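Peer 1: Right, I'll just put the structure down here and ask away after.
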Amino acid sequence: MSGSAIALDVAGLTRAFDGRTVVDNVDMTLHDGEILTLVGPSGCGKSTLLRLISGLEPTDNGRVRVGERDVTKIAAEHRHIGFVFQESSLFGHLRVAQNVAFGLRHLPRSERGARVEEMLDLVQLGGLGRRYPHQLSGGEQQRVALARALAPRPRIVLLDEPFASLDEVLREELGHQVVSILRSAGTASILVTHDRHEAMTLGDRIAVMHDGRIEQCDTPEAVYDTPSTRFVASFVEVASFIPDGAGSVFVARPHHLLVTPGGDDQVTRIEFLGSGYRYTVRRSDDTETVVDVAARNNLRVGDTCTIAVTTRDLHRLA
């Protein structure tokens, strides 16, 4: 988000447990109002990175700045960072309004009540302040948790897989609701997910993490079209790697390829996708290639075939 101030600047952040480096020399910036999705496989260090940024976990090395302020050695409650956990973590014995007001004890009572009402209206739960968390759905509980995180007006909000426990339909619906809420609040945020579709559709930028490192951080379009590594290429979407004859490979997405009957390759699987079909093909060099087609041809599993590239505009990986 060019032109906007930097809300978060992380440099060289590192953390190890029992001799294993979980977060490895991570650099990251986040601009005011920006939504960054942080995606990667389970165990790659995503949640630990958030805990280091928030101050819930101490760093072994590196620096965390919130705006112009170095908060590396400052306690979590003084970093001006909100946190939404995988589970809502609401206080079950407190009403919804009391949960939202939990971080507002510094405000006079009259201002506190007005801010709670403002936040509940923002997350579309106005009028539910007297209910208890167990009287809400899972999606409503997560929106209350977001309202609680936003209530103290933090510079940044961190969300650690907040939709993980929800079914797929509700995940997608709530994901777009949460992004809309964050944009309305104008709060910079990092949203952790292991769902690549979620990461690609919800973030202004996407950071792909692998084995404790950020392998690429860019717009969803750039990460998809010009991945920096094989891991990034295959993690964000199905990819085939086609040798260029000079020691490098081209990244081919399923829609970049065509499959025709006859040849040295073999169809090993056919899947119906609704909008078309996906063919998995074993190449003559024993590599696997995936091809998407709009309409099924007369090929069957076990048939021989030939793979062709339909475009010259492929991204080359070194």
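Peer 1: Taking Asp160 and the conditions (1) acidic (Asp, Glu); (2) surrounded by 21 or more Cβ atoms within 10 Å (Cβ to Cβ); (3) over 24 Å from Leu56 (Cβ atoms), which numbered condition does it fall short on, given that it satisfies the others?
Peer 2: (3)
Peer 1: Criterion first (assigned by TED's automatic domain parsing to the domain that holds Arg65, modelled with pLDDT of 90 or more and not in a helix (DSSP H, G or I)) does Arg148 satisfy it? Steps first, please.
Peer 2: Values: assigned by TED's automatic domain parsing to the domain that holds Arg65: yes; modelled with pLDDT of 90 or more: yes; not in a helix (DSSP H, G or I): no.
No; evaluated as a whole, the condition is false for this residue.
Peer 1: With Asp285, Asp292, Asp313 as the choices, which residue is loosely packed, with under 14 Cβ neighbours inside 10 Å and within 25 Å of Ala222 (Cα to Cα)? So that I can check it myself, show each step before the final result.
Peer 2: On the way: Asp285 fails: within 25 Å of Ala222 (Cα to Cα); Asp292 fails: loosely packed, with under 14 Cβ neighbours inside 10 Å.
Exactly one of Asp285, Asp292, Asp313 is loosely packed, with under 14 Cβ neighbours inside 10 Å and within 25 Å of Ala222 (Cα to Cα), namely Asp313.
Peer 1: Go over the candidates Arg105, Arg112 one by one and state the one that is under 24 Å from Arg79 (Cα atoms), of a type in the set (Lys, Arg) and in a loop (DSSP other than H, G, I, E, B).
Peer 2: On the way: Arg112 fails: in a loop (DSSP other than H, G, I, E, B).
Within the list Arg105, Arg112, the selection yields Arg105.
Peer 1: Do you know which of the residues in segment 265-275 that are closer than 19 Å to Glu237 by Cα and out of contact with any Lys or Arg (no Cβ under 6 Å at 6 or more places or on another chain) is surrounded by the most Cβ atoms within 10 Å (Cβ to Cβ)?
Peer 2: Of all residues in segment 265-275, those closer than 19 Å to Glu237 by Cα come to 269-275.
From what's left, out of contact with any Lys or Arg (no Cβ under 6 Å at 6 or more places or on another chain): 269-270, 272-275.
Details: Arg269: 12, Ile270: 15, Phe272: 9, Leu273: 11, Gly274: 5, Ser275: 7.
Checked segment 265-275; the qualifying residue surrounded by the most Cβ atoms within 10 Å (Cβ to Cβ) is Ile270.
Residue-wise test of (1) touching a residue at least 60 places away in the same chain (Cβ under 8 Å); (2) outside the structural domain of Arg171 (by TED's automatic domain parsing); (3) part of a loop (DSSP other than H, G, I, E, B).
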{"site": "Leu182", "(1), (2), (3)": "yes, no, no"}
{"site": "Ser189", "(1), (2), (3)": "yes, no, no"}
{"site": "Val192", "(1), (2), (3)": "yes, no, no"}
{"site": "Ala199", "(1), (2), (3)": "yes, no, no"}
{"site": "Ile206", "(1), (2), (3)": "yes, no, no"}
{"site": "Met209", "(1), (2), (3)": "yes, no, no"}
{"site": "Tyr224", "(1), (2), (3)": "no, no, no"}
{"site": "Pro227", "(1), (2), (3)": "yes, no, yes"}
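Peer 1: Looking at (1) surrounded by fewer than 19 Cβ atoms within 10 Å (Cβ to Cβ); (2) under 30 Å from Ile190 (Cβ atoms); (3) touching a Pro at 6+ places or on another chain (Cβ under 7 Å), which is the one condition that is false for Arg278?
Peer 2: (2)
Peer 1: Could you tell me which of the residues Ser240, Ser234 is closer than 19 Å to Arg282 by Cβ and free of Cβ contacts under 8 Å to residues at least 24 places away in the same chain? Talk me through it step by step, then tell me what you get.
Peer 2: Values: Ser240 fails: free of Cβ contacts under 8 Å to residues at least 24 places away in the same chain.
Sole residue among the options that is closer than 19 Å to Arg282 by Cβ and free of Cβ contacts under 8 Å to residues at least 24 places away in the same chain: Ser234.
Peer 1: Can you list the strands (runs of 3 or more DSSP E) lying wholly within segment 1-98 that have 3 or more residues being crowded, with 19+ Cβ neighbours inside 10 Å?
Peer 2: Details: elements: 6-17, 20-31, 35-39, 61-66, 81-84.
Answer list for segment 1-98: 6-17, 20-31, 35-39, 81-84.
Peer 1: Follow-up question, since we're still on this one. What is the number of the single condition among (1) modelled with pLDDT of 95 or more; (2) over 18 Å from the mean Cα position of the chain (by Cα) that Gly19 does not meet?
Peer 2: Going through (1) modelled with pLDDT of 95 or more; (2) over 18 Å from the mean Cα position of the chain (by Cα) one by one, Gly19 breaks only (1).
Peer 1: Let me ask something else. Determine, yes or no, whether Leu299 is crowded, with 19+ Cβ neighbours inside 10 Å and within 26 Å of Asp225 (Cα to Cα).
Peer 2: Values: crowded, with 19+ Cβ neighbours inside 10 Å: yes; within 26 Å of Asp225 (Cα to Cα): no.
Answer is no for this residue.
Peer 1: Among the residues of segment 244-284, which ones are within 24 Å of Leu317 (Cα to Cα) and either outside any strand (DSSP E or B) or outside the structural domain of Asn297 (by TED's automatic domain parsing) (or both)?
Peer 2: Residues satisfying the conditions are Asp244, Gly245, Ala246, Gly247, Ser248, Arg253, Pro254, His255, His256, Arg283, Ser284.
The values are calculated or read from the model by the stated rules, or taken from the named source; none is laboratory data. Source: prediction; values computed, not measured. Glycine also receives a Cβ, built like all others from the backbone with ideal geometry; neighbour counts cover every protein chain displayed.
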